[in-house]
Structures are given as C-alpha cells and as structure tokens.
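**Q** The structure that follows is given in the form of structure tokens.
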Amino acid sequence: MNKVVASAAAAVADIPDGASIAVGGFGLSGIPHNLIDALLAGGATNLVTVSNNCGVDGWGLGRLLDHKRIRRTTGSYVGENKEFERQYLSGELELELVPQGTLAERLRAGGGGIPACYTPAGVGTQVADGGLPWRYAADGSVAVLSPPKPTRTFGGREYVLEEGIVCDFALVRASIGDTAGNLIFHKATRNFNPLCAMAGRITIAEVEKLVEPGQIDPEIVHTPGIFVQRVVEVGTGGKRIERSTIRKRPG
C-alpha cells in the first residue's frame with residue numbers, strides 16, 4: 001500500500017478544530033516541524049496536544065502557541081517557552097504536567113490498546129492525590145485542578161493508575177521511511193517519535209529520505225508501517241538547535 005502524500009499541507013489538511021494530536025520529538029530533536037508549520041498554515045485551532053514539551057518561542061509547537069491555536073497540552077517539560085508560561089499563568093492554556101516516564105508509558109499503553117497502566121511515579125504527591133493546577137483563571141486563582149487517581153498496592157508497594165493516551169492524529173519525523181510507512185529514526189531523534197506514532201488513530205510521518213518497500217532491512221525498522229497512515233518526504237533542511245553550548249575558540 002502506497003501511503004505517500006504529495007505535501008505536508010495535503011497530509012494535515014483534514015485535521016479539524018479541536019483535534020487531539022500526539023507530536024514526536026524531544027526539545028527540538030526530531031520534531032515534525034514541516035507538519036507543524038503546515039498545520040499552522042491550515043488554520044486549525046482549539047487543538048489538544050500531547051508532546052514531551054511544547055517547542056520553544058517561535059519554533060516547533062511554539063509556533064502554534066504563538067498564534068493561540070492550542071487549548072490544552074499534556075507534557076513533561078515546559079521550561080524553554082516564555083509564551084507558554086504567559087498563556088498558562090494567565091488562564092489561556094490548560095496544562096497537564098506528567099512525569100516523563102509516565103508520559104512515555106501512557107503513550108505506549110494507548111498505542112498498544114491497553115486502557116491504563118500502574119506506575120509508582122507520583123505516589124504520595126499531587127500527581128496521584130490531585131490538586132495540580134491544570135488551568136488558572138485570569139485573576140490568578142486556580143480554575144481547574146487535577147483530579148485524584150486510583151491507587152493500588154502490589155507486593156507491598158503502592159502504585160497509581162494512569163490512563164493510556166490515544167489521540168485523533170499523531171505527527172512524527174523520521175530519518176528514513178518507505179512508501180508503506182515503515183520508519184527509521186536516527187539516534188536521539190528516536191525519542192518520543194515511535195511512541196507518538198503508536199498513539200495516533202491517524203499517524204502522519206514526515207521523512208527526510210523516502211525509499212521503496214524492501215529497501216529497509218526489517219531488522220532495523222523502529223516503527224512498523226501498520227502504525228502509519230500517511231508519509232511525506234521533506235528532505236533534511238530547516239532543522240534548528242535548541243541551545244548552543246559550544247565555547248568559542250580562543251583567539
């Protein structure tokens with residue numbers, strides 16, 4: 001089955017207002033920035049996103065934030081985006097902050113058809129007990145608090161029940177993909193991409209290099225094509241580094 005779409009714009013054209021979207025990447029590593037830009041240009045708004053973080057100011061999911069297209073987001077880190085902070089504290093954005101390992105497992109569970117999973121992460125804190133501010137009001141008061149979650153003891157240790165995550169769509173970026181949707185991620189770009197690919201009802205992959213079926217060794221496929229519905233080739237250009245920490249050479 002050939003899953004290739006002609007352009008990023010065509011690949012995301014049917015994402016409606018209010019859709020939930022799992023977005024791969026970690027920081028700016030491996031983010032599907034071409035699909036994100038196409039989604040922005042398409043005008044969809046009131047979106048619900050699930051991603052490790054929400055980009056940075058002016059790049060990645062940060063571009064959707066800048067245009068106030070995201071209503072709610074679930075993630076594990078938000079520290080590189082001033083506009084994110086402003087919207088959250090002013091009550092314009094709802095945030096479900098999740099421990100990073102828990103987020104990964106919730107995506108994996110949802111993608112595997114498992115409705116929920118138990119984890120020790122968060123037991124004895126507001127993650128399990130409830131009370132985390134999901135949304136603030138304009139006056140700075142808390143408008144929506146996280147609810148308490150069920151806990152259970154196994155082998156003398158307490159665990160909290162976390163629901164699996166399934167989204168309407170998933171946007172991911174791969175280094176190599178074939179026309180049937182099989183994907184390979186290069187080194188650190190593997191991060192949350194395979195998990196998000198599993199968790200989307202419709203998964204759209206932008207790939208740097210597109211090949212024919214059979215040109216990828218099945219032994220090195222990271223995401224099988226069964227999880228991917230659309231593929232668009234985008235090349236290698238346009239990537240950014242989140243923060244440069246290289247010292248200048250003396251002299």
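**Q** Can you work out D for segment 103-245 in µm² s⁻¹ from Stokes-Einstein, where Rh is the Kirkwood radius over C-alpha pairs, the temperature is 4 °C and the viscosity is 1.567 mPa s?
**A** My calculation gives 74 µm²/s for D.
**Q** Compute the distribution of all C-alpha to C-alpha distances in segment 77-135, in bins of 5 Å from 0, and list the percent of pairs in each, rounded to whole numbers.
**A** 4, 16, 20, 21, 19, 14, 6, 0
**Q** For the cross-link pairs LYS209/LYS248; LYS82/LYS239; LYS3/LYS82; LYS68/LYS248; LYS68/LYS239; LYS187/LYS248, which exceed 31 Å when the distance is taken from alpha carbon to alpha carbon?
**A** On the way: LYS209/LYS248 33 Å; LYS82/LYS239 21 Å; LYS3/LYS82 38 Å; LYS68/LYS248 37 Å; LYS68/LYS239 23 Å; LYS187/LYS248 26 Å.
Flagged as over cut-off: LYS209/LYS248; LYS3/LYS82; LYS68/LYS248.
**Q** 5 Å is the cut-off here: which amide hydrogens, built 1.01 Å from N in the peptide plane, fall below it relative to LEU28, excluding neighbours closer than 5 in sequence?
**A** Those lying under 5 Å, H to H, from LEU28 are GLU242.
**Q** In the neighborhood of ASP17, defined by Cβ-to-Cβ distances under 15 Å, what is the net charge if each Lys or Arg adds +1 and each Asp or Glu adds -1?
**A** +2
**Q** Taking only protein heavy atoms and a 1.4 Å probe, what accessible area per residue, in Å², does the chain have with all protein chains in place?
**A** Normalised by residue count, the accessible surface of the chain is 48 Å².
**Q** While we're here: Accessible area of LEU195, 1.4 Å probe, to the nearest 10 Å²?
**A** 40
**Q** Might you work out the accessible area of TYR118 for me, using a 1.4 Å probe with all protein chains in place, and round it to the nearest 10 Å²?
**A** TYR118 exposes around 90 Å² with every protein chain in place.
**Q** Sort segment 101-167 into rounded, prolate or oblate with this rule: let a ≥ b ≥ c be the square roots of the eigenvalues of the Cα gyration tensor; rounded if a/c is under 1.5, and if a/c is not under 1.5, prolate when a/b is larger than b/c, oblate otherwise.
**A** Oblate shape, in that a/c is at least 1.5 and b/c is the bigger or equal ratio.
**Q** Can I ask one more? Relative contact order of the chain: what whole-number percent is it, with Cα pairs under 8 angstrom and at least 6 residues apart?
**A** Numbers: 615 pairs, mean separation 54.8, N = 251.
The normalised contact order for the chain reaches 22 percent.
**Q** Would you mind telling me the share, in percent, of accessible area of the chain contributed by carbon and sulfur at probe 1.4 angstrom?
**A** Details: 6520 of 12170 Å².
Reported share for carbon and sulfur atoms: 54 percent.
**Q** Additional query: Regarding segment 187-251, what are the three Cα extents along the principal axes, ordered largest first, in Å?
**A** Ordered largest first, segment 187-251 gives principal extents of 54, 26, 23 Å.
**Q** Something else: Of the peptides 3-10, 236-243, how do they stack up when ordered by the mean number of other Cβ atoms within 10 Å, highest first?
**A** The densest-packed peptide leads the list: 3-10, 236-243.
**Q** Once the convex hull of the alpha carbons of segment 30-104 is built, what does its volume come to per residue, in cubic angstrom?
**A** Enclosed volume per residue, from the Cα hull, is 81 Å³.
**Q** Check GLY55: other-chain or 5+ apart residues with amide H under 5 Å from its amide H, H built from backbone geometry?
**A** Answer set, sorted by chain and number: LEU61, GLY62.
**Q** No solvent, one uniform scatterer per C-alpha: report log10 I(q)/I(0) for segment 121-200 via the Debye equation at q = 0.11, 0.19, 0.24, 0.27 1/Å, two decimals.
**A** Calculated log10 I(q)/I(0) at the listed q: -0.55, -0.90, -1.03, -1.16.
**Q** Right, something else. Hey, can you rank 165-173, 49-57 by average C-beta count inside 10 Å, highest first?
**A** Details: 165-173: 26.1, 49-57: 24.1.
Those peptides, ordered most packed to least, come out 165-173, 49-57.
**Q** If you line up the long axis of helix 100-111 against the longest principal axis of the chain, both from Cα atoms, how many degrees apart are they, to the nearest 10?
**A** Approximately 60 degrees, to the nearest ten.
**Q** Using 0.36 nm per residue of separation minus the Cα-Cα distance, give me the extension gain between GLU163 and TYR77 in nm, one decimal.
**A** 29.0 nm
**Q** For VAL142, which sequence-distant residues (separation of 5 or more, or a different chain) have an amide H within less than 5 Å of its own amide H, given hydrogens modelled in the peptide plane?
**A** So VAL142 has HN proximity to ALA137.
**Q** Another question, then. Could you derive backbone 3J(HN,Hα) for segment 77-91 from the dihedral phi with the Karplus parameters 6.51, -1.76 and 1.60 (θ = phi - 60°), listing whole Hz in sequence and x where the residue is Gly or Pro?
**A** Per residue, the Karplus-derived 3J(HN,Hα) values read 8, 9, x, 10, 9, 5, 5, 4, 4, 4, 5, 5, 6, 8, x Hz.
**Q** Could you bin all the Cα-Cα distances of the chain into 5 Å bins starting at 0 and give me the percent of pairs in each, rounded to whole numbers?
**A** Spelled out bin by bin, the chain gives 1, 6, 13, 17, 18, 16, 12, 8, 5, 3, 1, 0, 0 percent.
**Q** Report, in whole Å, the centroid distance computed from the Cα atoms of segment 153-193 and segment 60-112.
**A** Computed from Cα coordinates, the inter-centre distance equals 16 Å.
The values are calculated or read from the model by the stated rules, or taken from the named source; none is laboratory data. Quick caveat, the model's predicted, so the values are computed rather than measured. Virtual Cβ from ideal backbone geometry, glycine too; neighbours counted across all protein chains shown. The area values use the complete protein model at the heavy-atom level, side chains included, leaving out ligands, DNA and RNA. Shrake-Rupley method; radii C 1.70, N 1.55, O 1.52, S 1.80 Å.
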